[in-house]
Ligand SMILES: *Cc1c(COP(=O)(O)O)cnc(C)c1O
């Protein structure tokens, strides 16, 4: 995305043209960026060629998943719906891992029937349930156990998952018990140790700590895991902040780890694959002036993009056309929904805006559309894939008929 003659463009198409043709609010994804992200991700860990399972929950658009599949990625799913979606998108079940703390009987049944690579179990009760179902089916089921490495990912509290008081995974002691349980089962094949310590991680140190915990646990348990699933969580830069995850250091740490453990590495990245591919185009409905602040009321709202309301996340906010006048008022970009958390960003010295101007919220490819809802009976936006000068509708805008 860049400005060409003061007009914001995505690949070769101006935001203005997109809005004219498809209306607003509208989600757009850049194919070029997607390709670049996948290429870079692979390059970062080239020496041990991991299995990369795209975390479907970050973006559940089936056409986007089809594109991701073409680059050879598998999928990490956390529900029956996501598993069906991944399979429907053509992802080979042999490259699908199933995570989550509350898989139901139905979900386990379905996963076993589809012969997926791994069910990553997160509790003793779940392992017993998988064992029971596998026995009924007279099957041997490949599973992983998710370890909670008690590692602070140093990210937002709401998206941290690897500390001992988080609901995810099992502690060391339980892990050892469960390995033994699996050894004694005729229907479970323990293949994997999995972890996932959180999301939007920009510091490599938590990953190093996580690997040292895994190293210690494997040595203690003395069991050969075919796979070590390190989860996802790699952060992206949202607000021009210079902080970036040091992939080189993460890669070096894993390579060192692999000298002692001959396992295949699995990653489950979501945000780092799709986060910066997406933009949400919206239009200013009204500008409401108050003494110190101007409220820029957009036609996009928290139901379209929930991250700011849910996590206090900030998304870079850009005008579609540059004008060279600055406002001396504070601008607060808000949606029209009746909730005080329905706001996106606050800026000082933003360029002067007027009603009907277009505003673009950046880096919304991950946990944007996938977290959207129909709150206030608002139809969900259209999704477009931009490829050079071509636009492909990859999901239609919902109509009121769909909702009512
Ligand atoms: C959400 C999630 C991921 C993906 O996290 P990102 O931060 O988007 O990379 C991977 N694995 C599991 C188990 C998850 O719950």
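Each reported figure results from applying straightforward, stated rules to the coordinates on display, with no laboratory input. This one's a predicted model, so the numbers in the text were calculated from it and none came from an experiment. Please note: Cβ atoms are built from the backbone with ideal geometry, for glycine as well, and neighbour counts cover all protein chains shown.
Of 63, 180, 376, which is the most mobile in a GNM of the chain whose springs link Cα atoms less than 10 angstrom apart?
376
Take each of the peptides 223-231, 243-251, 110-118, average the number of other beta-carbon atoms within 10 Å over its residues, and list them starting from the highest. Provide the component values of the computation, followed by the final result.
Numbers: 223-231: 21.0, 243-251: 14.8, 110-118: 19.1.
Ranking, from highest mean packing down: 223-231, 110-118, 243-251.
State the three equivalent ellipsoid semi-axes of region 207-300, derived from the C-alpha gyration tensor as the square roots of 5 times its eigenvalues, in descending order and whole Å.
Equivalent ellipsoid semi-axes, largest first: 45, 14, 12 Å.
Calculate how many DSSP beta bridges within the chain are antiparallel, expressed in % of all such bridges and rounded to the nearest 5.
Numbers: 34 of 71 bridges.
Taking every DSSP beta bridge within the chain, about 50 percent pair in antiparallel fashion.
Among 326, 395, which comes first, then next, by fewest other beta-carbon atoms within 10 Å? If you can, show how the numbers build up before the last one.
Values: 326 11, 395 18.
Placing the least packed residue first, the sequence is 326, 395.
Assuming a viscosity of 1.306 mPa s and a temperature of 10 °C, what translational diffusion coefficient in µm² per second does Stokes-Einstein assign to the chain, Rh being the Kirkwood radius over Cα pairs?
Values: Rh = 22.5 Å.
Translational D for this selection: 71 µm²/s.
Across bins of 10 angstrom width beginning at 0, how are the C-alpha pair distances of region 63-192 distributed, in whole percent?
In order of increasing distance, the bins hold 13, 40, 33, 14, 1 percent.
Return the single residue from 86, 313, 55 with maximal mean-square fluctuation; model: Gaussian network over the chain, springs between Cα atoms under 10 Å.
Answer for the Gaussian network model of the chain: 313.
Which whole-number percent is the relative contact order of the chain (Cα, under 8 Å, 6+ apart)? Walk me through the numbers on the way to the answer.
Numbers: 868 pairs, mean separation 78.4, N = 404.
Result for the chain is 19 percent.
Considering the chain as a Gaussian network with a 10 Å cut-off on Cα pairs, which listed residue, 176, 333, 168, attains the greatest mean-square fluctuation?
176
In degrees, nearest 10, range 0 to 90: what is the angle between the Cα axis of helix 31-44 and the longest Cα principal axis of the chain?
Taking Cα atoms only, the helix is inclined about 40 degrees.
Could you line up 315, 196 from fewest to most neighbouring Cβ atoms inside 10 Å? Before the final figure, lay out the partial values.
Numbers: 315 21, 196 26.
Neighbour counts put them in this order, fewest first: 315, 196.
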